[in-house]
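Undergrad: Supplied in structure tokens, the structure appears directly below.
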Amino acid sequence: MFLKNAWYVAAWSSEITTDLKQVIVLGEKICMYRDQAGKIVALEDACPHRKLPLSMGRIAGGNVECGYHGLTFDCSGACVAAPGKGRIPSNAVVHSYPVEESYELIWIWMGDPELADTSEIFKIENYDNADWGINRGAAMEIKCNYKLMTDNLLDPTHVAWVHQTSFAQDAARDTPLTLSKNDDGVVVHRWMMDVEPAPFYKHIVQFEGNADRLQKYEVRYPCHALIRSIFTPAGTGGSEDALHKDAFVMDSYNFMTPTTEDETRYYWFQLRNIRADDDELSARMSDAVKGVFEEDIVILEAVQTGLSEERNPHIDLSIDGGPLRFRRELEALIVAEQQSGAAAEA
Ligand code: FES
Ligand SMILES: [Fe+2]
């Protein structure tokens, strides 16, 4: 059960070259490559003749030639050549997915191509702002359903237990969360006032003493998250407007692409409002965040197994308000999409 009419991240830009590559999104195998002009092409990865993956074929003049008998497809998925000078059957066609390259990511539209609108791609504020630094992340393969990750990214409380040497602090255990919903998704946030900066941030923030800390976790449909962290000198927090000049802001971008029901490919990076050109800091932050996310992976993969083996129903807690709300809203979108698809077919 996935939302089809949505943009998902299919790959980092650097992963797609002029060689054919298979990527899997929502359980669909896709053959991707760059054409001679460098433009991304994404075709259904199954030749209509005997279903050999096209990614096992070769590129011929910007088209893809099947590696078995040479049926050849252009970037629109139309067959332009058949073996033995044979007639091209009218059903010799493969689906071509709308794709867009932005923020050094390849975005793919998995639903009705007529509905693909690139203006709906997740906007990354400050990506091109020279005053902001970036620490680039990885693509991590995680053996869990993507909704366990959206749960996790609407759950600031877990940091107190899972990330004890990095993001944790006592106030993260029990400071109440505020939940809100907007057209794009669900947000939970809280300010923790007059607290010592958590270990990960202690040597990054540019002021001494205690801080007011914002944790703001936002997940947008279908599975994209922006986690904003602010540390500002104690007494100056409480609002994101008119931040103190020494306030440290880190926006963590998280794109969770379901490869199958049980596996997710996780793309991430962070933008920060200080020391934009400090490569050493960027590298240190990337390493530290990778370590933190590896802690999540251990938990999430074990939770996936635990839930699949549950003998008694699992329970919910008050901290689950954000994750449950997001799941309900996403489910409603998926049902509405499937009903409108069924109505269109009737
Ligand atoms: S399987 Fe592709 S041409 Fe035969
Ligand atoms: Fe985490």
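Undergrad: Has the stretch 86-103 got at least one residue that is of a type outside the set (Asp, Glu), outside the structural domain of Asp184 (by TED's automatic domain parsing), closer than 30 Å to Asn135 by Cα and in a strand (DSSP E or B)?
TA: Yes - at least one qualifying residue is present in the stretch 86-103.
Undergrad: Inside the stretch 147-167, can you point out the residues that are among the aromatic types (Phe, Trp, Tyr) and either over 12 Å from Ile227 (Cβ atoms) or touching a Lys or Arg at 6+ places or on another chain (Cβ under 6 Å) (or both)?
TA: Listed by number, the list holds a single entry, Trp161.
Undergrad: List the number of the failed condition for Asp117; all other conditions in (1) within 28 Å of Asp278 (Cβ to Cβ); (2) surrounded by fewer than 16 Cβ atoms within 10 Å (Cβ to Cβ) hold.
TA: (1)
Undergrad: Next question. Would a scan of the stretch 100-110 turn up a residue that is in contact (Cβ under 8 Å) with a residue 12 or more places away in the chain, within 24 Å of Gly341 (Cα to Cα) and among the hydroxyl-bearing types (Ser, Thr, Tyr)?
TA: Taking every residue of the stretch 100-110 in turn, none turns out to be in contact (Cβ under 8 Å) with a residue 12 or more places away in the chain, within 24 Å of Gly341 (Cα to Cα) and among the hydroxyl-bearing types (Ser, Thr, Tyr).
Undergrad: Here's another thing I want to ask about it. Pick from the stretch 39-66 the residues that are touching a strand residue (DSSP E or B) at 6+ places or on another chain (Cβ under 9 Å) and at positive phi: which of them is farthest from ligand 2 (Cβ to nearest atom)?
TA: Among residues in the stretch 39-66 that are touching a strand residue (DSSP E or B) at 6+ places or on another chain (Cβ under 9 Å) and at positive phi, the one farthest from ligand 2 (Cβ to nearest atom) is Gly61.
Undergrad: Please specify each residue of the stretch 24-38 satisfying the condition of being of a type in the set (D, E, K, R) and either within 16 Å of ligand 2 (Cβ to nearest atom) or over 16 Å from Glu101 (Cα atoms) (or both).
TA: Glu28, Lys29
Undergrad: Could you tell me which of the residues Asp151, Asp183, Asp174, Asp128 is closer than 22 Å to Leu214 by Cα and away from ligand 2 (no atom under 14 Å from the Cβ)?
TA: Checking each option against the conditions leaves just Asp174.
Undergrad: Considering only residues that are more than 9 Å from ligand 1 (Cβ to nearest atom), of a type in the set (Gly, Ala, Ser), under 13 Å from Leu20 (Cβ atoms) and surrounded by fewer than 19 Cβ atoms within 10 Å (Cβ to Cβ), which ones fall in the stretch 48-102?
TA: Hits for the stretch 48-102 are Ala60, Gly62.
The values are calculated or read from the model by the stated rules, or taken from the named source; none is laboratory data. Please read these numbers as outputs of a predicted model, since none were measured by experiment. Backbone-built Cβ (ideal geometry, glycine too); neighbour counts: all protein chains shown.
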